[in-house]
Amino acid sequence: MKKKQKIALTVSAVIALALGVVPAAGAMHIMEGYLPVAYCIAWGVICIPFLVAGWFSIKKTLTGHRKSITILAMTGAFIFVLSSLKIPSVTGSCSHMTGTGLGAILFGATAVSILGIIVLIFQAILLAHGGLTTLGANTFSMAIAGPLVSLGIYKLSKVLKINKHVGIFLAAALGDLFTYCVTSVQLALAYPSAQGGVATSAVKFLAVFAPTQVPLAVIEGLLTVVIIFGLETYAKNELTEIGFLKVG
Amino acid sequence: MGKFIVLAALLLLPVLIFTIVRRTGRKHPAGHEHGPAHTHRHIGHKHGGMLSIDYFAYSSKIRGWNPAFKVVLSVLTIVLCIALDNVYVSAVVIVSMAYLVIAAGGLPPRDYLSVLTIPLTFILISILAIVVDFSAGPVGQWHVHIGFGYLYTTAPMLKKGVFLMLKILAAVSALQLMILTTPSSEIISVLRKARVPGILVDLMNLIYRFIFILMDVFARMKNAAESRLGYRDFKTSCYTFGSVASNLLILSLKKAGAYYDAMEARCYDGELLFLEEEKKADIKVVIPAAAFVLYLLLLWYLTRQAV
C-alpha cells in the first residue's frame, strides 16, 4: 500500500471510531408505507424524465451492439451485489455501500438511472430493503441525484486538475452524502415539524441519521478509491471497453 | 381507544427488539435445521452465495397460487394501508398477512419475524425524528433542556409516531406476502404480462441470474482472502474488500462476454423467453381475497371518525 493510501485509511478509521457506527446501517432506503400517497406519486413523476433519458440511451447502445446487453446486466448485478455486501467497519456491525458513485463514474449517469431502478426493485424483493410505493423517492435520491452529483464532482475535479484519486474519493463520498441529504429532505417534506415546518424537520432527520451516514460516506469514498486502484492495475482493457479510461 | 393502541404497540416493541437480539446473538442455532444451506441467521445477507428471502419464496407452500394474483393482492393491500391511513386497517393487515404467510405458506414464525424486523432500525430512527421536536422555549408535555434550546414531545406526537410505525409495519407485511411466497422470476413474468417494455424485463431476468453467479464468486474470493488473514484488522479488511470488489467487476465483465456467446449459440435473437409453469387463479382463493379487500374498506368506513 502506498503512503497516501495508508494515511487516508488511518484518518477514516479515526473518524469512524469517533462517530461510532450503529448496527445495521444500510443505505438510507425509505421503507414501504412511510410516504403518503401524494408523495409516492410526486417523486415517481419527477423520476420519469431521467428514466426516459436513460431508457433511450440504453436502447441506442443496444441497437448499436446487441452484445452489450450482458455487460449492462452484469453491471446491474455488480451494483446489487456490491450494495448487499457487508463492508468492513471498526465496531463489527454491519453496513453496506451504495455503489452508485462507482457506477456513475464507470458507466455514466444515464445508464445508472435505469440500472438503479432495477437494482432498487431487487433490493425490495430479495432483501426487503426499500419498497414498491417508495420506489420513486428512492430512485430519485439513489439512482438519479447521488450519481449526478458524483459524476459532476468527478468531472469538475478533472477540470481543476485535482489528483485523480482524491477526485474519485470526493465524488463517491459527496455523492453518498448528497443522497442522504436528499432522503432527509424527502422525509421532511412528507412529515413537516408542527412548529418549524419543513426546514426544522429536515434538520431533525439530518441529525438522527448523521451518526450512521457520515462515517458510511467516508468509508464508501475510500473503498471506491481502492476499487478503482485495483481496476486500473488489472483491467485496463475492460475499462477502455466501458469508456472509463478513454475519457480520463 | 387511542391510548390502548399506543400501549399495545409499546408492548409489541420489546418483542421485535428481542427477535433482533436473538438473530444477531445466535449465529449457529442448535436443534433447528432448515436444510443444509440455511444455518446462518443473517437474513437478507448472503450466506455462501444465496439469499434467504429467495429461499423462503421457493419453499413456500402457496407458491402454487397464481403469481399475478399474489402481486395484485399485495400491491392493493399496500396502497390501501397508505391511502386509508387508519390504525385499525393497519392492525388487521399485520395480523392477516402474518397468518397467510405463516399458516398458509408454512414459513416458520421466527423467520417471518426476522424478515419483518430488517427495516426496524430505519423505522425507529425515523420515528424518533417525528416524535421529538425542538424549540427555544419550554413547551410540550415533556421537555429536556439541551443547552441552546429544548427537546420536547407531546402525547399527540407520540400517538402519531406509533400509528405511523404500525402503518409501516402493515405495508411491509403486505410486501412480505409477495416476496416471501413468490419467486423473483415469477414476479418478473408478471411484469412482462403487465406490458413493461421487453428490454427492461430481459435486463431484469439477466440481472437476477447474474446476481447469484456473482454472489457465488464473491463468497469464494472472500474465503480465499479470509484464510490468508485478509480481514485481520480494519485497515487490511478495507484494502481486501476493495481488491475483491474490483476483481469481482473484472471477472463479471469477462463472464459477460462468455454468456453472450452462450446465448448466441442457443439462437438468441434479441428476446429472452423462459418456460413458465401454468398456474391458474383459483376461484376459492380469489373470492376470500376480494372479501378481505372489501372488509378493509368497510373497516375504514366504520372507524374513520374513531381515531
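Taking label points 7 Å from Cα along the Cα-to-Cβ direction, B:Glu278 and A:Leu189 give a separation of 4.8 nm. Here region B:197-265 is described by how far its Cα atoms reach on the three principal axes: 46, 24, 15 Å, from widest to narrowest. Once the convex hull of all Cα atoms in region B:138-233 is built, its volume per residue stands at 250 Å³. Here B:Lys167 is the anchor, and the aspartates and glutamates within straight C-alpha reach of less than 19 Å, apart from those fewer than 8 places off in the same chain, are A:Glu32, B:Asp85. Computed over region A:30-241, the P(r) curve from all C-alpha pair distances, binned at 5 Å from the origin, holds 1, 7, 13, 18, 20, 17, 12, 6, 3, 1, 0, 0 percent per bin.
Below 15 angstrom from the Cβ of B:Phe274, what's the summed charge of the other residues (Lys, Arg +1; Asp, Glu -1)? Let's see the in-between values first.
Numbers: positive: B:Arg192, B:Lys193, B:Arg209, B:Arg266, B:Lys279; negative: B:Glu186, B:Asp202, B:Asp269, B:Glu271, B:Glu276, B:Glu277, B:Glu278.
In short, -2.
A cut-off under 13 angstrom between Cβ atoms defines the neighbours of B:Phe56, and their net charge, with Lys, Arg +1 and Asp, Glu -1, is +1.
Counting alpha carbon pairs within less than 8 Å and at least 6 residues apart, what relative contact order, in whole percent, applies to region A:29-160?
Normalised by residue count, the contact order of region A:29-160 is 37 percent.
Relative contact order, whole percent, for region B:57-172 stands at 30, derived from Cα pairs under 8 Å and 6 or more residues apart.
Straight Cα distances below 19 angstrom link A:Lys86 to the aspartates and glutamates A:Asp176, A:Glu220, B:Asp54, B:Asp216, B:Glu226, B:Asp233, with same-chain residues fewer than 8 positions distant left out.
An ellipsoid equivalent to region A:136-181, defined through the eigenvalues of its Cα gyration tensor, has semi-axes of 22, 9, 6 Å when rounded to whole angstrom and sorted largest first.
So what's the net charge close to B:Ile199: Lys and Arg +1, Asp and Glu -1, counting the other residues with Cβ under 15 Å from its Cβ?
Values: positive: A:Lys59, A:Lys60, A:Arg66, A:Lys67, B:Arg192, B:Arg195; negative: B:Asp202, B:Asp269, B:Glu271.
For residues surrounding B:Ile199, the net value is +3.
Within 10 Å of the Cβ of each residue in A:224-233, the mean number of Cβ atoms contributed by other protein chains is 5.
So for region A:126-248, Kirkwood radius off the Cα pairs, Stokes-Einstein at 20 °C and 1.002 mPa s: how many µm² s⁻¹? All intermediate terms of the calculation are to be shown ahead of the outcome.
Details: Rh = 16.2 Å.
Estimated diffusion coefficient is 133 µm²/s.
Read-outs: derived from the displayed coordinates by stated rules, not from any lab. The structure presented is a predicted model; accordingly, all values stated were derived computationally and were not measured. Glycine gets a Cβ as well: all are built from the backbone with ideal geometry, and neighbour counts include every protein chain shown.
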